[in-house]
Amino acid sequence: TTEHSCPKCGTSIPSEQNVNDAQRRRIAELEAQVEMLTVKATAAVDKCADYEDQLQRMKTEQNGLPRSNTSDSLAPSRPSNEDARPSTANSTTAKISRFSFLPGRRGSPAQSEAAVAPPSSNPDADLKAQLEKERQLREKAEEKAQKMNTEIEELSVQLFSQANEMVANERKARAKLEARVEQLEKKDKDKMARLERLEKAVSRIDRVKALLA
């Protein structure tokens, strides 16, 4: 039989096997939760590894940018400056006559050269902007990694806390149930003893009746 019944009140008492089955089911549920949290932790670790790879690539690109950008920006600047310089007095005179009609403007060779020369781009500003952008991306990646680590720690603490609480509750419930079973068994023994005494008394009465008859 899987459960006991009280002979007086008829209350069914779950046996130790049922209690063990319930505990095994609870343990299986806890193991499933642990497995699910392990999968989440593995995914978070993979994301952290991806972020670290991105940071490494950013650092590598950042180390390679100053040399390439500087060389690329300096290479075309030399011929452009040389092309912008006038080689003869005739070209200077033509530039002066071309812009001399503007009011309040003196037709000097220096001013004409400054007006004709295109504005040169600032490679240092572009490089600083790109480095600042990479720095912001790196900070965002580090912030995400830190957030995931914090979430993993919180989930681990929560899991262990819930597991400890469940184990404590199971122990309390089992101790309470065992005490109840022990109390009912004691009452059952007392009832059996009283029944035996009554049976003996009835047998004595029957013997007395037989003698008197």
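Assess whether residue 94 counts as being hydrophobic (A, V, I, L, M, F, W, C), modelled with pLDDT of 85 or more and either surrounded by 10 or more Cβ atoms within 10 Å (Cβ to Cβ) or under 30 Å from residue 38 (Cα atoms) (or both).
Numbers: hydrophobic (A, V, I, L, M, F, W, C): yes; modelled with pLDDT of 85 or more: no; either surrounded by 10 or more Cβ atoms within 10 Å (Cβ to Cβ) or under 30 Å from residue 38 (Cα atoms) (or both): yes.
The answer is no for residue 94.
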Being over 34 Å from the mean Cα position of the chain (by Cα) and surrounded by 10 or more Cβ atoms within 10 Å (Cβ to Cβ) is the requirement here; does residue 187 meet it? yes
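Right, residue 141: of a type outside the set (D, E, K, R) and at pLDDT 90 or above or not?
Numbers: of a type outside the set (D, E, K, R): yes; at pLDDT 90 or above: no.
No, not satisfied.
Does residue 168 fit the bill of being touching a residue at least 60 places away in the same chain (Cβ under 8 Å) and either under 58 Å from the mean Cα position of the chain (by Cα) or surrounded by 10 or more Cβ atoms within 10 Å (Cβ to Cβ) (or both)?
Working: touching a residue at least 60 places away in the same chain (Cβ under 8 Å): no; either under 58 Å from the mean Cα position of the chain (by Cα) or surrounded by 10 or more Cβ atoms within 10 Å (Cβ to Cβ) (or both): yes.
It is false that residue 168 is touching a residue at least 60 places away in the same chain (Cβ under 8 Å) and either under 58 Å from the mean Cα position of the chain (by Cα) or surrounded by 10 or more Cβ atoms within 10 Å (Cβ to Cβ) (or both).
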All positions within the stretch 164-213 that are in contact with a helix residue (DSSP H, G or I) (Cβ under 7 Å, 6 or more places away or on another chain) and of a type outside the set (A, V, I, L, M, F, W, C): 170, 174
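The values are calculated or read from the model by the stated rules, or taken from the named source; none is laboratory data. Quick caveat: nothing in here was measured; it's all calculated off a predicted structure. Note that each Cβ is placed from the backbone with ideal geometry, even for glycine, and that neighbours are counted across all protein chains shown.
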